[in-house]
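Below: the structure, in structure tokens.
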Amino acid sequence: MKLQAVSNRKLYIQIADQIRDQILAGAVEPGRQLPSERDLAVSLGVSRPTVREALIALEVAGFVEVRVGVGAFVRDQSKGSAALPEGHSPIEIMRVRRLLEPEAAALASQNISPEGTARMAEAMRRMQAETANNRWSSESDRMLHLTIAEGSGNTMLREVLDLLWNSRFEVVDTKFHEHLASMSAVRTHIMDDHARIVAGIVQGNAEAAREAMATHLDFVTASMLGAWD
């Protein structure tokens, strides 16, 4: 009986493997642009978000350069690493956050301590200063969201969200969000979203806090899925 090995590797890593092998075989010369995300998705029979995650994994490994709004370009093969970065899917992480963080914000509106409120204000001051200087700090972003999780008063919810945010610092996820943060309109929109979330919590308005967080996470996910080439 002949059986094929079953791979439990992430789908985007399997896709990245195929594209890397084609690059190493010389199918696309250094400096040339890869086919569009749409064309790659059709050829591979997968979704565009999966292709995007694969391209970012290849970028982290040094095989391609991703130019937002243009496409992915093959780099000199001597700059590439044989190993691709393994990690969680950034889009899957966002989808789980969307399930949990709106409720965390609603709970925080009823339970957050004065110290937690002060910490939210400090996180907002940091992000406002960074946004004004055309920068974005994932540390400040994490500080705000985990302060809200802590303010929910639910220890288990806080621990799960802490785990999700730890995954945000895996190399593929980090690079994904660096591309998002490079767009000034996205940075400004996120800053406005955060202000609405904090306002709902400070006012003790659970529904406003829940809706503001849901709207924020929907926007970030849509930005991750939007056309980049």
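How many of the residues making up the stretch 152-166 are open to solvent by less than 10 Å² (accessible area, probe 1.4 Å) and free of Cβ contacts under 8 Å to residues at least 60 places away in the same chain?
Just the residues of the stretch 152-166 that are open to solvent by less than 10 Å² (accessible area, probe 1.4 Å), to begin with: 152, 161, 165.
Restricting the remaining residues to those that are free of Cβ contacts under 8 Å to residues at least 60 places away in the same chain gives 152, 165.
Residues meeting the conditions: 2.
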Is at least one residue of the stretch 79-87 in a helix (DSSP H, G or I) and either modelled with pLDDT of 95 or more or out of contact with any strand residue (DSSP E or B) (no Cβ under 9 Å at 6 or more places or on another chain) (or both)? yes
Quick one: which residue in Leu144, Leu161 is of a type outside the set (Asp, Glu), assigned to a helix (DSSP H, G or I) and within 30 Å of Ile13 (Cα to Cα)? Leu161
Looking at the structure I just gave you, is Ala123 at pLDDT 95 or above, among the small types (Gly, Ala, Ser), crowded, with 21+ Cβ neighbours inside 10 Å and over 19 Å from Glu207 (Cα atoms)? yes
Here are the criteria: (1) more than 17 Å from Met224 (Cα to Cα); (2) open to solvent by 60 Å² or more (accessible area, probe 1.4 Å). Tell me which single one Arg98 does not satisfy. (1)
Per the list (1) closer than 22 Å to Arg48 by Cβ; (2) buried (at least 18 other Cβ atoms within 10 Å of the Cβ), residue check on Phe219 breaks on (2)
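Can you name the residue in the stretch 129-140 that is open to solvent by less than 30 Å² (accessible area, probe 1.4 Å) and free of Cβ contacts under 8 Å to residues at least 40 places away in the same chain and, of all such residues, is farthest from Glu53 (Cα to Cα)? First the steps, then the outcome.
Here is the first cut: in the stretch 129-140, the residues open to solvent by less than 30 Å² (accessible area, probe 1.4 Å) are 130-131, 137, 140.
Now restrict to residues that are free of Cβ contacts under 8 Å to residues at least 40 places away in the same chain: 130, 137, 140.
Details: Glu130: 27, Ser137: 21, Ser140: 24 Å.
Here the answer is Glu130.
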State the number of residues belonging to the stretch 39-65 that are assigned to a helix (DSSP H, G or I), in contact (Cβ under 8 Å) with a residue 12 or more places away in the chain, surrounded by fewer than 20 Cβ atoms within 10 Å (Cβ to Cβ) and small (Gly, Ala, Ser). 0
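Would you be able to say whether some residue in the stretch 208-217 is assigned to a helix (DSSP H, G or I) and of a type in the set (Asp, Glu)? Reasoning before the result, please.
Within the stretch 208-217, the subset assigned to a helix (DSSP H, G or I) is 208-217.
Okay, now just the ones that are also of a type in the set (Asp, Glu), so 211.
Yes: the stretch 208-217 contains one or more residues that are assigned to a helix (DSSP H, G or I) and of a type in the set (Asp, Glu).
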Unmet criterion (only one of (1) modelled with pLDDT under 90; (2) polar (S, T, N, Q); (3) within 19 Å of the chain's Cα centre (by Cα)) for Asn133: (3)
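The values are calculated or read from the model by the stated rules, or taken from the named source; none is laboratory data. Computed from a prediction, not measured in an experiment: that's the story for all the values here. Virtual Cβ from ideal backbone geometry, glycine too; neighbours counted across all protein chains shown. Side chains included, ligands, DNA and RNA excluded: accessible areas come from the protein's heavy atoms. Shrake-Rupley method; radii C 1.70, N 1.55, O 1.52, S 1.80 Å.
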